[in-house]
Structure formats: structure tokens, C-alpha cells
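Engineer: Below you will find the structure I want to go over with you.
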Amino acid sequence: MRSAFPFVVACAALLGAAPTASAAGADKLYVLDCGHIAAADQSRWSPGVNVGVPIQLSDNCYLIHHPQGWFLWDTGMADAIAARPDGVKALNGALTLTRTKTLAGQLAELGLKPADLKAMAISHTHPDHVGNVELFPQVMLYVQKAEYEWPAEGGGPRFDPKHPVTLLEGDRDVFGDGSVVIIATPGHTPGHQSLLVRLPKTGALVLSGDAVHFKDNWDNRRVPPFNISKEQSAASMQRIADLLAKEHAQLWINHDKPQTDAQKRPPEFYE
Ligand SMILES: [Zn+2]
């Protein structure tokens, strides 16, 4: 429970703070294009609803600047997919994954090398989120212990054992000032996590990870059948809903393409 106390303190402190008072915290957030998913059947995520209806999903990474350094949330699908104009098929052809830009290229456009990052975290270990973790072999990775120790298909580890890692058992205030807080939201996978970000002008927002995949599923609290726990998934969605209300925060749903399409892209950023 080591991380629960600072989180509570941070929230209490920030609730009493003026919106412009967090000058020392995270000050820039870039929404990076980390891939595109075309699916033939939306009901893979919404059981019984829109059966056989195709859906397009965005796949984002989020780059956050903090005075202590750069922080990357999720790494998207593998950059190598960008070399395949027709993309790659996944899940027996149910999904087509494409990438028009690499993560490395988007960092370079911002003048950054992978080694310039201070820390990173992934929402969970599905391939559309961990595709480029080893682009950053020296960068500290924050991941839930339950996710790290979850055996991969085939029984092996989900991460290169040499990668520096901080194993979490709950929430973590990454920079100690409440501006970037990892929130444990298990259910999609055993150690799924979301991210609360507090920006000086934009205000508070929650990056969903895959606690929900698109707005209609959020509005109806639908749980995809392949989540590892329906009960944990429902509880995590409620936890996020409570956090949104308490923080007056926006919910940014990683895979919701209409929402993503309306967001700023580099060189523009949120501050
Ligand atoms: Zn995903």
C-alpha cells in the first residue's frame, strides 16, 4: 500500500489548489500516433452489440514533459509495422494493424532520442501497447507486479528481464507532485493500469489504457468477453468514473478514433 497514501495526499492538496497553481508539475502532453486498428466486427469488444459491424480504432502513445524529465505512456504497436503498407493481420485475421508513422520518428521530430526519456509506463502488455518497449532499453519502466509476472502465451516472460523496472502493487505518483499518477485498474489484464495527468491549463485527464476501448462501451459499461475479469473490469471503470467526478477530469480513451481524431497532434501539445 506504499503508493496509496501519497496519492490521497496529492488529491487532497490539488483539490484545494487554484487551476494555475501547479507550475512545477507536468507542463506538456503530446498525443503520438502509435498505430491504427481495423476490425471486421465491433462486437469483439461489445458482446451482442453491433455484431458484424466494422470499427476503426486509434492507438496512441502519450509523451509528457515534466521538469524532472520526459515520461512516455504506452509504446503502441511495433514500429516495424510502418514498413508494411498493408499492415499485419492479428487474431486470425480479425484485426489489421497499420502504422503510418513510427514512434522513433515522432520523437525525432520533437528533437528527442529514446535515451532522453526519464521514465515510461505501459497500460498493459497487449502487443498494441508494448510494441516498442525495447526501443528504450535503459529507460525505467513502471509496471504492475501482477502484469510483469503474468506468463506470456507459451509461458515465458513478458519483458526483457534486463530492462530496468519498478514493480508496482497499486497506484504510484511518478514525480511526487500529483501531476502524473499511475492508477491501478485491473480487469482487462491482471495488472492493467491507467494514468491521471494534471496539466496547468488543460486540467485533469485520465488516460484510459484499455480499461475501456471506445465511448459507447464506456457509456454502457460494457466489458469485452476476453478481459481476464469481468468483476475487476467493472470495478475499475467505476473507480475511473469516481476519479473523473472528484478531479473534474476528462477521460481520454486511447482506442476511441473519433475522440483521437479531434485531438491536437505534434507539434501541437496540451499544456
Ligand atoms: Zn489496446
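The values are calculated or read from the model by the stated rules, or taken from the named source; none is laboratory data. Here the structure is a predicted model, which means the values were calculated and not measured. So basically every Cβ, Gly included, is an ideal-geometry build from the backbone, and we count neighbours across all protein chains shown. Keep in mind that these areas ignore ligands, DNA and RNA; they rest on the heavy atoms of the full protein, side chains included. Shrake-Rupley method; radii C 1.70, N 1.55, O 1.52, S 1.80 Å.
Engineer: How many nm is it between the label spots at residue 86 and residue 230, if each spot is 7 Å from the Cα in line with the beta carbon?
Structural biologist: So the label points at residue 86 and residue 230 sit 3.9 nm apart.
Engineer: OK, next. In the chain, once you exclude exposed trypsin sites (Lys or Arg not before Pro) (DSSP loop, at most 15 other Cβ within 10 angstrom), what's the longest stretch remaining?
Structural biologist: Result, exposed sites excluded: 3-161.
Engineer: Taking the simple approach of a point 7 Å from Cα along Cα-to-Cβ for both residue 108 and residue 221, what is their distance in nm?
Structural biologist: 4.7 nm
Engineer: Pull out the extension gain between residue 96 and residue 153, defined as 0.36 nm times the separation in residues minus the alpha carbon to alpha carbon distance; nm, one decimal.
Structural biologist: Fully extending the segment from residue 96 to residue 153 adds 18.5 nm.
Engineer: Take every Cα-Cα pair in segment 162-271 and report what % of them are more than 25 Å apart.
Structural biologist: Cα-Cα pairs in segment 162-271 separated by more than 25 Å: 23 percent.
Engineer: Have a look at 185, 166, 152 and report the one farthest towards the positive end of the charge dipole of segment 150-197, computed about the Cα centre with Cβ charges (Lys/Arg +1, Asp/Glu -1).
Structural biologist: Comparing the listed Cα positions along the dipole, 152 ranks first.
Engineer: Through the Karplus equation 6.51 cos²θ - 1.76 cosθ + 1.60, θ set to phi - 60°, convert the phi angles of segment 152-167 into ³J(HN,Hα) values in whole Hz; use x for Gly and Pro.
Structural biologist: Here the 3J(HN,Hα) series is 5, 4, x, x, x, x, 8, 9, 4, x, 7, 5, x, 9, 10, 8 Hz.
Engineer: For residue 145 and residue 49, compute 0.36 nm times the residue count separating them, minus their Cα-Cα distance, and round to one decimal in nm.
Structural biologist: Taking residue 145 through residue 49 to full extension adds about 31.2 nm, to one decimal.
Engineer: Using a simple charge model, +1 on the beta-carbon of Lys and Arg, -1 on the beta-carbon of Asp and Glu, nothing else, what dipole does the chain show about its Cα centre, in debye to the nearest 20?
Structural biologist: 100 debye
Engineer: Mean separation of Cα pairs under 8 Å and 6+ residues apart, divided by the residue count of the chain: what relative contact order is that in percent?
Structural biologist: Once normalised by length, the contact order is 21 percent.
Engineer: While we're on this one: Starting from 0.36 nm per residue, how many nanometres of slack lie between residue 261 and residue 244 once their C-alpha separation is accounted for?
Structural biologist: Gain on extension, residue 261 to residue 244, equals 3.9 nm.
Engineer: If you count only protein heavy atoms with a 1.4 Å probe, what accessible area per residue comes out for the chain, rounded to a whole Å²?
Structural biologist: 44 Å²
Engineer: Name the long-range amide H neighbours of residue 122: under 5 Å, sequence gap of 5 or more, or other chain; modelled H, no Pro or chain starts.
Structural biologist: 74, 142
Engineer: Something else now. Using amide H atoms built 1.01 Å from N in the peptide plane, name the residues 5+ places from residue 165, or on other chains, whose amide H lies under 5 Å from its own.
Structural biologist: 141
Engineer: Provide, for q = 0.09, 0.16, 0.17 Å⁻¹, the log10 of I(q)/I(0) from a solvent-free Debye sum over equal Cα point scatterers in the chain.
Structural biologist: Taken in order of the listed q values, log10 I(q)/I(0) reads -0.38, -1.34, -1.53.
Engineer: Same structure, new question: Any idea what the dipole of segment 78-222 comes to, in debye rounded to 20, about its Cα centre with Lys/Arg Cβ at +1 and Asp/Glu Cβ at -1?
Structural biologist: In total the dipole reaches around 240 debye.
Engineer: According to a simple spin-label model (label point 7 Å from Cα along Cα-to-Cβ), what is the distance in nm between residue 41 and residue 271?
Structural biologist: Output for this residue pair reads 4.8 nm.
Engineer: Only bridges with both residues in the chain count here: give the DSSP antiparallel percent, nearest 5.
Structural biologist: Once the DSSP bridges in the chain are tallied, antiparallel ones form about 70 percent.
Engineer: Continuing with the same structure: On a C-alpha basis, how far is the centre of segment 38-61 from the centre of segment 197-240 in Å? Whole number, if you could?
Structural biologist: Cα centroid to Cα centroid, the span is 16 Å.
Engineer: Next question. Of all the Cα-Cα pairs you can form in segment 65-104, what percent are over 16 Å apart?
Structural biologist: Tail of the P(r) past 16 Å holds 48 percent of the pairs.
Engineer: For segment 146-175 and segment 85-131, what is the centre-to-centre distance using only Cα atoms, to the nearest Å?
Structural biologist: So the two Cα centres are separated by 18 Å.
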